[in-house]
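Just below is one structure, and these are the notes that go with it.
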Amino acid sequence: MKLLLNHLYIVSTPIGNLEDITLRALHVLKNSDIILCEDTRRSIKLLSHYKIKKKLISYHKFNEKKQTENIIEYFKEGKILSLISDAGTPLLSDPGRLLVNTCLENSIEVNPIPGVSSITSSLSVSGFSDKFLFYGFLPKTENELEKILSSLSQNNYSQIFFIPSKKINFYLKKFKKFFSGRKILIAREITKIHETFIREEIDKLNTIKGAFKGELTIVISESSTKIKNYDEQKIVNKIIKYLKKYSLKDTVDLILEVENISKKKIYDLCLKVKNEKNY
């Protein structure tokens, strides 16, 4: 396969085991003039293993705007470029979106070179539904995290997250709050020597002791109960009516008797109405 000019190749690389790379990916990297790397120090280990010596350019979230302008110039010079991340498939919770969009705006074709992804790898061994949502890295602050998880808990698909291992117990506490009744898979060091999978019902999972390193891939199972659609405005109208007569607690209980949605969702709606209307 001859590489084409005016094409950017998005190349997937191993997430651990260096043998998890396709022949096509190796061919593209060996025949690229320039390889864009999230971290050249990490990428050079892979490239050295396969005796690939090419010009490496650091491309990460802190310099992507400046580098993107330079990269377009390389294309104008007739260079062949490929993009890799530290591990796995580029652009999935990794930098590159700005570059891809800029290339497309400049009539530069973007071609995927498929390969490993911790997202699909972890889902494939979970036993959960293959209808899934991938969120990526969750917020670090408690308020923002709760808003996100409250929203995501309203769907019954499998869900996949990335989290730093040192904060596993912080996130587990929130998963237990918002995904009660579901199962969880915690994947660490996928494809590496110390590959570990922890499978458990979320409600039964206790605090995890011991020091984990790096990033974890978390898979939450689909909901075992069907989530019913509801008319939020209709509920809000009821809340406005009830709050004129009853306390916040009584209003929540009254709505809960007739609406098949979570108590927390009803409480949040009541609180919002109460603050807006100054009841």
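Bear in mind that the values in this text are calculations on the coordinates, not laboratory data. For clarity, every value in this text was computed on a predicted model and none was experimentally measured. Because the Cβ atoms are built from the backbone with ideal geometry, glycine has one as well, and the counts that use them run over all protein chains shown.
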query: Taking a ≥ b ≥ c as the square roots of the eigenvalues of the Cα gyration tensor of segment 52-127, is the shape rounded (a/c under 1.5), prolate (a/b larger than b/c) or oblate?
result: prolate
- prompt: Among 33, 20, what is the fewest-to-most ranking by other Cβ atoms within 10 Å?
  reply: 33, 20
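For a test of the definition: using alpha carbon positions, the gyration tensor, and the 1.5 limit on a/c, classify segment 232-277 as rounded, prolate or oblate.
Details: a/c = 1.43, a/b = 1.28, b/c = 1.12.
The shape class here is rounded.
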- prompt: If one takes the longest principal axis of the Cα atoms in the chain, at what angle in degrees, from 0 to 90 and to the nearest 10, does the Cα axis of helix 142-152 lie?
  reply: 90 degrees
message: Past 27 Å, Cα to Cα: identify those pairs from 65/176; 45/140; 140/265; 66/166; 2/55, in the order given.
response: 65/176; 45/140; 66/166
query: At a Förster radius of 25 Å, what calculated FRET efficiency corresponds to the Cβ-Cβ distance of residue 30 and residue 91, to the nearest 0.05?
result: 0.70
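Taking a ≥ b ≥ c as the square roots of the Cα gyration tensor eigenvalues, with a/c under 1.5 meaning rounded and otherwise prolate when a/b beats b/c, else oblate, which class fits segment 7-116? Walk me through the numbers before you get to the answer.
On the way: a/c = 1.59, a/b = 1.46, b/c = 1.09.
It is prolate, given that a/c is not under 1.5 and a/b is the larger ratio.
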statement: Projected onto the charge dipole of segment 119-220 (unit charges on the beta-carbon of Lys, Arg, Asp and Glu, signs +1, +1, -1, -1), the Cα from 135, 206, 153 with the largest positive-side position is that of 206
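Local charge sum around residue 6 (other residues, Cβ-Cβ under 14 Å, Lys/Arg +1, Asp/Glu -1)?
Values: positive: 2, 76, 79; negative: 33, 73, 77, 105, 109.
Counting the neighbours of residue 6, the net charge comes to -2.
Rounded to the nearest 500, what is the 222 nm mean residue ellipticity of the chain from helices alone, with -39500 (n - 2.57) per DSSP H run of 4+ residues and division by all residues? Before the final figure, lay out each step's value.
Values: 10 runs with 107 residues, N = 279.
Mean residue ellipticity at 222 nm (helix-derived): -11500 deg cm²/dmol.
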- prompt: How far is helix 64-76 tilted, in degrees, relative to the longest principal axis of the Cα atoms in the chain, given as a value from 0 to 90 rounded to the nearest 10?
  reply: 40 degrees
